[in-house]
Amino acid sequence: MPLGRKFAVLWSANALSNLADGIAFVSMPLLAASMTDDPRLVAGLATLYALVRLLVALPVGVWVDRADRRTLMVTANLLRGGALVALALTVHLGVSSLAVLYATMAVVGTLESMVDSAAVAMVPSLVDRDRLDTANGRIAAGQLIADELAGPPLGGFLFALAAAAPVLATGGLWALAGLVALALPVRGSSRAPSDAVVPRPSVFAEARDGIVWLAHHRVVGGLALIGALASVGYMLPFSILVLVAEERLGLDGTGYGLLLAFSAVGGLLGSALAPRLRRRLGYRWTIVASLTLAAVTLTGLSLTSDPRVAGVLLALYILHAVVWSICALSLRQRLIPDGLLGRVGAAARVLGLLGLAVGSALGGVLASVDLVIPVVAGAVVFAGCCVLAAVTLRGDLTPHSPRLAEGRPQADAPAGEH
């Protein structure tokens with residue numbers, strides 16, 4: 001069922017952006033590897049990208065609440081598109097360097113955080129609240145197809161033609177996404193007219209408001225904590241999954257790529273199932289069931305050496321990840337006031353990014369003992385997430401409270417099912 005022209009515009013801009021992300025995911029490390037033989041410098045590109053996104057998350061959240069979100073999406077997409085076109089020119093002329101690549105990706109990481117945050121915050125203003133699950137499911141499906149299925153092979157193909165080709169394509173797609181976003185509606189200011197004469201608080205003070213709101217809201221704060229723990233549980237096995245594929249499953253590079261591609265199919269199924277499961281089971285039990293599936297699939301992965309069984313288990317794992325993501329995101333969009341969507345989302349994102357970093361580091365340490373240990377540890381973490389979700393998400397999840405609607409922190413906000 002159509003979700004309206006405005007949502008279609010957002011979906012289209014998001015799909016173009018995700019296709020560019022998929023191309024960049026493959027082509028940027030290849031470009032770095034063409035400039036240096038030092039694996040630390042090649043891996044450092046991804047580390048820098050993650051660090052930049054972590055550092056800018058809170059201030060970006062403030063600007064998403066301060067400014068018109070359409071303008072942010074358009075401007076950020078055009079700027080990162082221009083940055084990649086400039087990088088492609090330096091590569092084509094043979095004057096690029098690792099320092100230029102690092103600097104460009106630092107800029108792109110900042111702008112990507114702005115685009116992603118603004119897009120998430122715009123969804124509740126474009127569709128009815130009762131259809132947020134469907135809207136987020138369609139966005140997730142588009143992201144999986146563009147970012148994980150179409151983008152990476154296209155990036156590899158273009159790089160084989162010329163090193164500058166995928167860089168130019170990425171920049172062009174981001175710029176096109178910005179132009180498409182011009183058709184989105186302008187969001188009016190959420191501040192009262194009298195606020196115009198009051199000095200604006202500092203970025204730090206406004207970011208703190210989002211952190212305080214998150215800390216005092218039992219449901220949204222609980223979702224953020226579950227998300228952080230789930231990020232740890234995800235990275236524990238996935239940080240060393242390539243080694244598991246090689247040493248336990250007996251796969252080469254091609255086999256590993258096919259394994260990941262097959263797992264993405266589970267995500268597509270999850271994007272279609274999530275709205276239906278939520279309507280049948282409610283948010284609480286859909287989330288608990290999805291986290292339980294993660295614990296079960298990782299347990300199975302720790303016990304098998306059959307690549308076919310592992311492929312099915314990973315597809316089911318990605319199915320869980322998409323269902324969990326859609327439900328958690330829709331819940332946040334329902335419960336967080338519009339004027340706080342950027343800041344509260346940024347605070348939750350910081351917790352998730354920290355969880356990814358901790359899980360990755362722990363995965364490497366535990367894998368040095370035995371490759372199975374990080375996989376089992378991930379299953380244990382997800383089992384804990386199941387318990388936390390069952391305890392946290394109870395009661396009524398609809399934003400009835402006037403205090404909630406006004407955006408002020410609540411010591412014990414309503415929680416549970418809708």
key: Residues of segment 283-306 satisfying the condition of being surrounded by 17 or more Cβ atoms within 10 Å (Cβ to Cβ) and within 14 Å of Leu259 (Cβ to Cβ)   = Thr297, Leu301
query = Are any residues in segment 246-262 at pLDDT 85 or above and either open to solvent by less than 40 Å² (accessible area, probe 1.4 Å) or in contact with an Asp or Glu (Cβ under 8 Å, 6 or more places away or on another chain) (or both), and if so, which ones?
reply = Leu249
key: Single residue of Leu179, Leu144, Leu149 found to be in a helix (DSSP H, G or I) and at pLDDT 90 or above   = Leu179
message = I'd like to know if segment 46-64 contains one or more residues that are over 20 Å from Arg349 (Cα atoms) and open to solvent by less than 50 Å² (accessible area, probe 1.4 Å).
response = no
task = Considering only segment 31-40, state which residues are open to solvent by 70 Å² or more (accessible area, probe 1.4 Å), not small (Gly, Ala, Ser) and not in a loop (DSSP other than H, G, I, E, B).
result = Pro39, Arg40
query = Is it true that Thr71 is at pLDDT below 85, open to solvent by 10 Å² or more (accessible area, probe 1.4 Å) and of a type in the set (S, T, N, Q)?
reply = no
ask   = Any residue in segment 157-167 that is closer than 16 Å to Gly81 by Cβ and either touching a His at 6+ places or on another chain (Cβ under 7 Å) or outside any helix (DSSP H, G or I) (or both)?
value = yes
note = Exactly one of Gly384, Gly363, Gly395 is surrounded by fewer than 21 Cβ atoms within 10 Å (Cβ to Cβ), modelled with pLDDT under 90 and among the small types (Gly, Ala, Ser), and that one is Gly395
Subset of segment 119-135 that is more than 20 Å from Leu273 (Cα to Cα) and not polar (S, T, N, Q) - its residue that is most open to solvent (accessible area, probe 1.4 Å) = Val120
request  = Return yes when Leu273 is in contact with a helix residue (DSSP H, G or I) (Cβ under 8 Å, 6 or more places away or on another chain) and surrounded by fewer than 20 Cβ atoms within 10 Å (Cβ to Cβ) and no when it is not.
outcome  = yes
query = Any idea which of Val309, Val375 is assigned to a helix (DSSP H, G or I), surrounded by 18 or more Cβ atoms within 10 Å (Cβ to Cβ), at pLDDT 90 or above and not small (Gly, Ala, Ser)?
reply = Val375
ask   = On the given criteria, is Leu84 open to solvent by less than 50 Å² (accessible area, probe 1.4 Å) and either assigned to a helix (DSSP H, G or I) or among the charged types (D, E, K, R) (or both)?
value = yes
note = Given (1) surrounded by fewer than 18 Cβ atoms within 10 Å (Cβ to Cβ); (2) part of a helix (DSSP H, G or I), Met28 misses just (1)
key: Output for segment 273-288, where each listed residue is over 16 Å from Arg334 (Cα atoms) and of a type in the set (Val, Ile, Thr)   = Thr286, Val288
query = Would you pick out the residues in segment 336-349 that are surrounded by fewer than 21 Cβ atoms within 10 Å (Cβ to Cβ) and part of a helix (DSSP H, G or I)?
reply = Asp338, Gly339
query = With Leu149, Leu176 as the choices, which residue is in contact (Cβ under 8 Å) with a residue 60 or more places away in the chain, farther than 20 Å from Gly257 by Cα and open to solvent by 50 Å² or more (accessible area, probe 1.4 Å)?
reply = Leu176
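The values are calculated or read from the model by the stated rules, or taken from the named source; none is laboratory data. Worth saying up front: this structure is predicted, and the values here are computed from it rather than measured. For neighbour counting, all protein chains shown are included, and Cβ atoms are generated from backbone atoms with ideal geometry for every residue, glycine included. Heads up: the accessible areas ignore ligands, DNA and RNA and are worked out on the full protein's heavy atoms, side chains in. Shrake-Rupley method; radii C 1.70, N 1.55, O 1.52, S 1.80 Å.
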